[in-house]
Every structure is written in C-alpha cells, then in structure tokens.
Amino acid sequence: MSPVRRCSRTACGRPAVATLTYVYADSTAVLGPLATYAEPHCYDLCSEHSERLTAPRGWEVVRLATDSGPVRPSGDDLEALANAVREAARPQERAARGAARDIDPMEVARRGHLRVLRSPES
Ligand SMILES: [Zn+2]
C-alpha cells in the first residue's frame, strides 16, 4: 500500500513528484526522486514547486531529477545518490561520532572539514 504523497508546501495539495533534502552540513538543498519513506529533513514537492524551488541565502540547490514530469522510482543511480544524500543529512548520527565544540551553538559536531549543524526546526 502506498498512499499518494502530497506536496508539503502550505495550501498545496498536488501530488508530490520529488523530495527535497536539506544537507545542513554542506548548506545544500538536494532535489531528487521521491523518497520511499518520510525523513525528518525531507520535504515532498509537486512538479510546480520543484521548478520554483529557491534555496535559502548562501545555500546551493542540487537537482538530481529532471525539472518536470514524474520521477520513476526504479533502482537507478539517481535514487542511490538521493539515498546517500539523505544518509548524510542525519545530524544525530553524525553527531554521535564527532566531538562537539562550543564555538557555534548551532554546531553539534565536526568531522573532517564538514560541520554538522542543528536543524533550525528542532
Ligand atoms: Zn506544491
């Protein structure tokens, strides 16, 4: 069973065709194939909102999917890449591996040159 996924934008009830994942460590918003299940850092978007997507200031937008049309959820490279991105977007797991510094209150962990930042909505 798979209920129809809806766009997560306020007042938008169109079916979702893509999933937006925020990778806080890299200040990157990745737009990729619809996620197979919901994750805290992911937002489903319809085709219209996917096309009009703009990133917060200082952020980069990476589009893994085509800008229009439904994305096939077949096991292709795009989905694997999207899953890898979602993996990297989980600060809790990364935080457990790194030692937290007290420099930045938003910073919860440091790993190599990557900094893991607390999600603004948590
Ligand atoms: Zn929408």
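The values are calculated or read from the model by the stated rules, or taken from the named source; none is laboratory data. Bear in mind that the values here come from a model prediction, so they are computed numbers and not experimental data. So basically every Cβ, Gly included, is an ideal-geometry build from the backbone, and we count neighbours across all protein chains shown.
Go through region 29-40 and report how many residues are surrounded by fewer than 21 Cβ atoms within 10 Å (Cβ to Cβ) and either in contact (Cβ under 8 Å) with a residue 40 or more places away in the chain or more than 11 Å from the chain's Cα centre (by Cα) (or both).
4
In region 1-14, what count of residues is obtained for those that are near the ligand (Cβ under 9 Å from one of its atoms) and either assigned by TED's automatic domain parsing to the domain that holds Ala89 or touching a residue at least 12 places away in the same chain (Cβ under 8 Å) (or both)?
6
Tell me, which helices (runs of 4 or more DSSP H) wholly within region 15-117 include 3 or more residues that are of a type in the set (Asp, Glu), modelled with pLDDT of 65 or more and away from the ligand (no atom under 16 Å from the Cβ)?
77-88
Restricting to region 29-41, count the residues that are touching a helix residue (DSSP H, G or I) at 6+ places or on another chain (Cβ under 8 Å) and under 16 Å from Glu60 (Cα atoms).
Residues meeting the conditions: 4.
How many residues does region 1-17 contain that are closer than 22 Å to Arg57 by Cβ and either of a type in the set (Val, Ile, Thr) or within 11 Å of the chain's Cα centre (by Cα) (or both)?
1
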